[in-house]
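Visitor: The structure's right below; bear with me while I get my questions together.
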Amino acid sequence: MRCLDGRIRTWGRCGPGDRDGDRGMAKIIVDDVEVDVPADYTLLQACEAAGAEIPRFCYHERLSIAGNCRMCLVEVKGAPKPVASCAQQVRDQRPGPNGEPPVVVTKSDKVKAARNGVMEFLLINHPLDCPICDQGGECDLQDQAMAYGRATSRYDENKRAVEEKFMGPLVKTVMTRCIQCTRCVRFATEVAGVPELGAIGRGEDMEITTYLEAALSSELSANVVDLCPVGALTSKPYAFNARPWELKKTETVDVMDALGSAIRIDARGPEVLRALPRVNEEINEEWLSDKSRHAVDGLRRQRLDRPYLRKDGKLAAVAWPEALGAFAQRLKGDPARIGAIAGDLVEAEAMKALLDLLRGLGVANTDCRQDGAAIGTSGQRGEYLFNTSIMGLEEADAILLVGTNPRVEAPVLNARIRKSWLQGALKLVGSVGEAVDLTYPAEVLGSGPATLEELAKGKGGFMKVFMEAERPVIIVGMGALARADGAAVLKLAAEIGMKAKVVREGWNGWNVLHTAAGRVAGLDMGFVPGPGGLATAAMLAPGALDTLILLGADEVAAPASTFTVYLGSHGDAGAQSADLILPVGAYTEIAGTWTNTEGRVQQGRRAIFPKGEAREGWAVFRAVSALAGSVLPYDSLEALRARLMADAPVFGGLDYAPGAATPLDLRLVGTAGQVERTPFASPVRDFYLTNPIARASEVMAQCSALAASRAATPALVAAE
């Protein structure tokens with residue numbers, strides 16, 4: 001359901017200030033201010049629309065209503081006692097004797113006394129941990145205790161104590177602080193779709209815990225730390241590291257997957273201490289995957305901080321002039337024997353500088369698809385975009401997943417699909433690929449291309465319903481495209497899309513879910529083989545090239561006979577086999593541009609400076625271009641971006657997702673050919689270790705080990 005201001009309703013309700021065209025409006029008087037609000041607004045939303053501040057602990061606009069903290073009490077004229085404003089709707093309020101609008105008072109002595117009493121009860125058992133609590137300085141309980149609490153305590157009895165709970169390597173628990181708001185329980189059940197948290201006991205003995213005393217298994221589990229209004233759930237990797245006022249906060253873009261979630265990097269001095277989500281309704285709402293949040297400790301480990309050149313079979317540290325000279329010398333060879341592969345996390349500026357350098361030298365062997373995905377060849381931008389847009393998924397009524405497991409490839413997007421299913425808009429989900437728990441019902445139609453051939457003929461009950469859907473969606477993943485028969489698989493998916501008319505007036509249901517943050521930008525600028533150029537697989541063949549440039553490409557293995565130049569931030573697989581290593585900054589250390597899977601161009605900001613002698617990627621290519629005899633025509637980031645926008649105008653549309661506005665002819669998508677019988681498999685085999693930064697993270701290593709042990713342990717089946 002879309003609100004009049006363009007946003008889609010969050011978990012069944014529009015937020016304060018939204019208006020929905022299909023809902024009646026109602027008048028209500030709040031503190032002598034008369035406002036018109038939707039009739040199904042809660043009193044809390046109506047009060048905030050009128051400018052009144054309502055304290056709350058259990059209420060959250062993206063979660064179902066619990067009404068158990070009672071902090072949001074207000075006085076309603078005619079009611080015998082204060083009411084919980086989060087649990088009462090405007091339409092249910094009784095008008096005055098002559099039809100006057102309902103009257104709500106938020107600042108009366110009665111309301112103040114009620115809130116004062118509620119706060120006193122909440123603090124009865126709360127320990128005096130503020131000086132040592134990681135929530136200190138950003139704690140809702142602290143803030144509201146200052147505003148609504150008593151100056152002294154009247155409670156003399158012993159405080160209760162609760163044993164700590166184990167929730168995994170990401171969430172630290174001090175459950176004596178818990179006020180049983182149940183935000184964490186509702187998030188795990190409703191948003192994450194993994195109902196592993198709940199309450200046991202009653203009254204004073206009530207405790208929030210994992211039912212089986214095991215770690216949380218959701219890829220979104222660490223979001224409960226942000227939701228907790230007290231210090232009961234805090235970040236275990238961040239424990240006792242810093243106070244919020246010590247940190248420099250930088251708004252940037254996440255690159256751990258292709259969604260481009262809005263994040264904030266908190267740094268102190270030269271180190272990144274944590275990553276937090278920013279609110280972006282169109283992409284990640286206010287959630288963030290565990291990898292995006294906690295892989296940042298990998299930014300401190302296994303870093304490349306100086307150039308290295310292989311001499312006598314061993315890598316030796318060298319100065320930049322010598323390293324650039326060796327690089328330039330390799331670029332003076334036969335252009336047909338030089339190639340470059342761009343990795344998953346690379347920013348657009350570095351790719352553009354490398355592309356301009358190589359094209360100026362006559363090199364056509366370039367590719368940004370290090371996994372060999374058969375995409376971006378039809379000349380249509382819409383072919384490789386998530387055209388429905390992430391937010392647009394909430395309007396879909398039928399979805400076909402082809403070779404993708406969005407739960408591990410894009411956990412936040414998977415939560416958006418679950419949200420659409422919970423709201424009732426999504427009626428049908430079918431999957432061709434591995435049988436996995438997606439947190440919502442999905443019919444496994446088959447495992448490989450043979451199933452697509454049957455679906456393309458319109459056979460089966462699923463296709464009957466899919467073709468009748470008003471908002472059908474196809475999501476094709478890299479598990480289907482990064483194969484030898486990827487182009488033929490893409491063609492089959494396009495035929496299914498044509499039969500179901502997924503592209504129609506005002507709706508584009510054709511979507512490709514990328515797993516690489518830098519992939520779409522590379523395709524947009526044309527970082528693909530030029531005329532007569534070699535693709536990734538051909539470049540990696542023994543004897544194919546004399547010089548291979550790996551720009552952050554760690555998932556490929558260069559032949560031993562090829563001189564390999566590696567540019568990256570970590571000593572991962574690409575660096576270990578390289579002959580020349582040039583260190584460049586990680587995503588938190590540069591000002592860069594990334595385009596997410598839906599074609600949204602976003603610019604990230606530098607939070608800290610690169611380590612040691614590392615430089616920005618584009619600056620390295622500008623320096624070597626002067627030595628190679630093909631000087632790049634820009635000396636600053638601004639000039640480079642201007643050139644990028646001139647050559648590819650799509651980079652000028654910052655924070656814009658084209659959606660259905662992108663023209664797309666599905667007849668031109670893919671290439672007809674023979675398909676293999678090999679089942680589809682998601683390219684993400686270990687969610688926590690998908691890139692060099694994550695593989696350098698101790699926290700991600702702990703999460704990976706825990707997930708592996710969980711997978712190796714047979715499920716416990718309760719006897720009836």
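The values are calculated or read from the model by the stated rules, or taken from the named source; none is laboratory data. The model shown is predicted, which means the values in this text are computed figures rather than measured ones. Positions of Cβ are backbone-derived with ideal geometry, glycine not excepted, and every protein chain shown enters the neighbour counts. The accessibility values were calculated without ligands, DNA or RNA, using every heavy atom of the protein model including side chains. Shrake-Rupley method; radii C 1.70, N 1.55, O 1.52, S 1.80 Å.
Visitor: Got a number for carbon plus sulfur as a percent of region 511-594's accessible area, 1.4 Å probe?
Guide: 58 percent
Visitor: Would you calculate the convex hull of the Cα atoms in region 67-211 and tell me its volume per residue in Å³?
Guide: 159 Å³
Visitor: Could you tell me the largest-minus-smallest coordinate of the C-alpha atoms of region 599-659 on each of the three principal axes, in descending order and whole angstroms?
Guide: The principal-axis extents, from largest down, are 42, 30, 15 Å.
Visitor: Multiplying the sequence separation of Ala712 and Ile200 by 0.36 nm and subtracting their Cα-Cα distance, what value in nm do you get?
Guide: Result for the pair: 181.5 nm of gain on full extension.
Visitor: Right, something else. Rank these residues by their accessible area, most exposed first, probe 1.4 Å: Arg615, Arg154, Arg369.
Guide: Largest to smallest exposure gives the sequence Arg154, Arg615, Arg369.
Visitor: Let me ask you something else. With θ taken as phi - 60° and the coefficients 6.51, -1.76 and 1.60, list the Karplus ³J(HN,Hα) couplings across region 38-47 in order, rounded to whole Hz; mark glycine and proline as x.
Guide: Couplings: x, 5, 9, 5, 6, 4, 4, 5, 5, 5 Hz.
Visitor: Around Asp109, under 12 Å between beta carbons, what's the net of Lys plus Arg minus Asp minus Glu among the other residues? Write down the numbers at each step before the final one.
Guide: Values: positive: Lys107, Lys110, Lys112, Arg115; negative: Glu75.
Counting the neighbours of Asp109, the net charge comes to +3.
Visitor: Still on this structure, I have one more. Of Gln423, Leu345, Tyr59, whose Cα points farthest to the positive end of the dipole of the chain (charges on the beta-carbon: +1 Lys, Arg; -1 Asp, Glu; origin at the Cα centre)?
Guide: Leu345
Visitor: Any idea how far apart Glu281 and Glu246 come out in nm if each label point goes 7 Å out from Cα toward Cβ?
Guide: Label at Glu281, label at Glu246, 3.7 nm between them.
Visitor: If contacts are Cα pairs under 8 angstrom and at least 6 residues apart, what is the relative contact order of the chain in percent?
Guide: 14 percent
Visitor: How far, in nm, would the chain grow between Arg685 and Glu613 when pulled straight, counting 0.36 nm per residue and subtracting the alpha carbon separation?
Guide: Result for the pair: 22.5 nm of gain on full extension.
Visitor: Explain nothing, just the number: dipole magnitude of region 80-175 about its Cα centre with +1 on each Lys and Arg Cβ and -1 on each Asp and Glu Cβ, in debye rounded to the nearest 20.
Guide: Roughly 440 debye, rounded to the nearest 20.
Visitor: Using bins 5 angstrom wide from zero, how does P(r) for region 596-717 break down, in % of all Cα pairs?
Guide: Using 5 Å bins, I get a P(r) of 2, 7, 8, 10, 12, 13, 13, 14, 11, 6, 2, 1, 1, 0 for region 596-717.
Visitor: Calculate for the chain the 222 nm mean residue ellipticity that helices alone would give, adding -39,500 (n - 2.57) per DSSP H run of length 4 or more and normalising by residue count, nearest 500 deg cm²/dmol. Walk me through the numbers before you get to the answer.
Guide: Values: 21 runs with 178 residues, N = 720.
So the calculated ellipticity at 222 nm is -7000 deg cm²/dmol.
Visitor: Still on this model: Give the lysines whose C-alpha is closer than 21 Å to that of Lys249, dropping any in the same chain fewer than 8 places away, or say none.
Guide: Correct list for Lys249: Lys236, Lys291, Lys611.
Visitor: Return the loop-located chymotrypsin sites (Phe, Trp or Tyr not before Pro) in region 101-185 (DSSP other than H, G, I, E, B) with at most 15 other Cβ atoms within 10 Å of their own Cβ; answer none if there are none. Could the numbers behind the result be given before it?
Guide: On the way: sites: Phe121, Tyr148, Tyr155, Phe166; in loops: Tyr155, Phe166.
Qualifying residues, ordered by number: Tyr155, Phe166.
Visitor: Give, rounded to the nearest 20 debye, the magnitude of the charge dipole that region 562-700 has about its Cα centre when Lys and Arg contribute +1 at Cβ and Asp and Glu contribute -1 at Cβ.
Guide: Here the size comes out at about 120 debye.
Visitor: Moving on. Give me the net charge of Ala435's neighbourhood, meaning all other residues with Cβ under 13 Å from the Cβ of Ala435; Lys, Arg count +1, Asp, Glu -1.
Guide: -2
Visitor: Which entries in Lys112/Lys159; Lys165/Lys248; Lys172/Lys419; Lys77/Lys112; Lys81/Lys107 show an alpha-carbon gap greater than 23 Å?
Guide: Lys112/Lys159; Lys165/Lys248; Lys172/Lys419
Visitor: Mind ranking Lys248, Lys419, Lys81 by accessible surface for me, highest first, 1.4 Å probe?
Guide: Output order, biggest surface exposure first: Lys81, Lys248, Lys419.
Visitor: Given a 1.4 Å probe, how much area per residue of the chain is accessible, in Å²? Please report the intermediate quantities before stating the final value.
Guide: Values: 28510 Å² over 720 residues.
Value for the chain: 40 Å² per residue.
Visitor: Which residues' amide hydrogens lie under 5 Å from the amide hydrogen of Asn508, considering only partners 5 or more residues apart or on another chain, with H built in the peptide plane?
Guide: Placed amide hydrogens put Ala660 under 5 Å from Asn508.
Visitor: Another question, if that's okay. Normalised by the number of residues in region 314-396, what is the relative contact order in percent for Cα pairs under 8 Å and 6+ residues apart?
Guide: 27 percent
Visitor: Whose amide H sits under 5 Å from the amide H of Val162, counting only residues 5 or more places off or on another chain, with H placed in the peptide plane?
Guide: For Val162, whose amide H was placed from the backbone, the distant partners under 5 Å are Thr176.
Visitor: On a straight-distance basis, which lysines could pair with Lys311 in a cross-link, Cα separation under 23 angstrom, same-chain partners fewer than 8 positions away excluded?
Guide: List returned: Lys332.
Visitor: Two decimals, Cα atoms only, Kirkwood Rh: what is Rg/Rh over region 219-365?
Guide: Looking at region 219-365, the ratio lands at 1.10.
Visitor: What is the set of long-range amide H partners of Tyr656 at a cut-off below 5 Å, with H atoms built 1.01 Å from backbone N?
Guide: For Tyr656, whose amide H was placed from the backbone, the distant partners under 5 Å are Val601.
Visitor: Follow-up. Taking the convex hull of the Cα atoms, report for region 110-157 its projected area averaged over all directions, in nm².
Guide: Hull-based average projected area comes out at 3.7 nm².
Visitor: Next question, about the same structure. Can you work out the base-10 log of I(q)/I(0) for region 310-387 at q = 0.21, 0.22 1/Å, using the Debye formula on its C-alpha atoms alone?
Guide: Values, matching the q order: -1.16, -1.22.
Visitor: Would you mind counting up the charge near Thr250? Only other residues with Cβ under 10 Å from its Cβ, with Lys and Arg at +1 and Asp and Glu at -1.
Guide: Numbers: positive: Lys248, Lys249, Arg264, Arg605, Arg606; negative: Glu251, Asp266.
Residues close to Thr250 contribute a combined charge of +3.
Visitor: Can you give the Rg to Rh ratio for the chain, taking only C-alpha atoms and Rh from Kirkwood?
Guide: 1.00
Visitor: Something else about it: Quick one: Karplus J couplings for region 166-183, per residue in order, coefficients 6.51, -1.76, 1.60, θ = phi - 60°, nearest Hz, x for Gly and Pro?
Guide: 9, 10, x, x, 9, 10, 8, 10, 9, 6, 5, 7, 5, 10, 6, 6, 6, 4
Visitor: Given contacts defined as C-alpha pairs under 8 Å and at least six residues apart, what's the relative contact order of region 526-601, whole-number percent?
Guide: Result for region 526-601 is 20 percent.
Visitor: How far is helix 109-122 tilted off the main Cα axis of the chain, in degrees rounded to 10, range 0 to 90?
Guide: 60 degrees
Visitor: So what are the ³J(HN,Hα) numbers for region 26-35, from phi and the Karplus equation (6.51, -1.76, 1.60; θ = phi - 60°), rounded to whole Hz, Gly and Pro as x?
Guide: Working through the residues one at a time gives 9, 9, 8, 9, 10, 6, 6, 10, 8, 10 Hz.
Visitor: Which distance in nm do the two modelled labels at Ala147 and Gln302 give, with both placed 7 Å along the Cα-to-Cβ direction?
Guide: 4.6 nm
Visitor: Considering the options Thr564, Ile496, Ile693, tell which one lies farthest towards the positive end of the dipole of the chain, charges being +1 on Lys and Arg and -1 on Asp and Glu at the Cβ, about the Cα centre.
Guide: Farthest along the dipole direction, towards plus: Thr564.
Visitor: Roughly speaking, to the nearest percent, how much of region 337-461's 1.4 Å accessible area is carbon and sulfur? Display every interim value, and only then the final one.
Guide: Values: 1610 of 3200 Å².
Here it works out to 50 percent.
Visitor: Now for a different question. Return the carbon/sulfur percentage of the accessible area of region 52-147, one whole number, probe 1.4 Å, all protein chains in place. If you can, show how the numbers build up before the last one.
Guide: Working: 2650 of 4820 Å².
Carbon plus sulfur share of accessible area: 55 percent.
Visitor: Taking the Cα centre as origin and putting +1 on Lys and Arg beta-carbons and -1 on Asp and Glu beta-carbons, what dipole magnitude results for the chain, to the nearest 20 debye?
Guide: Once rounded to the nearest 20, the dipole reads 280 debye.
Visitor: If Arg293, Arg303, Arg278 are ordered by their accessible area, calculated over protein heavy atoms with a 1.4 Å probe, which sequence runs from highest to lowest?
Guide: Arg278, Arg303, Arg293
Visitor: Return the loop-located trypsin sites (Lys or Arg not before Pro) in region 668-706 (DSSP other than H, G, I, E, B) with at most 11 other Cβ atoms within 10 Å of their own Cβ; answer none if there are none. Write down the numbers at each step before the final one.
Guide: Numbers: sites: Arg677, Arg685, Arg695; in loops: Arg677, Arg685.
Answer by residue number: Arg677, Arg685.
Visitor: Still on this structure, I have one more. Which three numbers, in whole Å and largest first, are the semi-axes of the equivalent ellipsoid of region 482-563 derived from its Cα gyration tensor as √(5λ)?
Guide: They are 33, 15, 11 Å, listed from largest to smallest.
Visitor: Given a Förster distance of 45 angstrom, what is the FRET efficiency for Ala336 paired with Lys314, based on the Cβ-Cβ distance and rounded to 0.05?
Guide: Given R0 = 45 Å and the Cβ-Cβ separation, E is 0.90.
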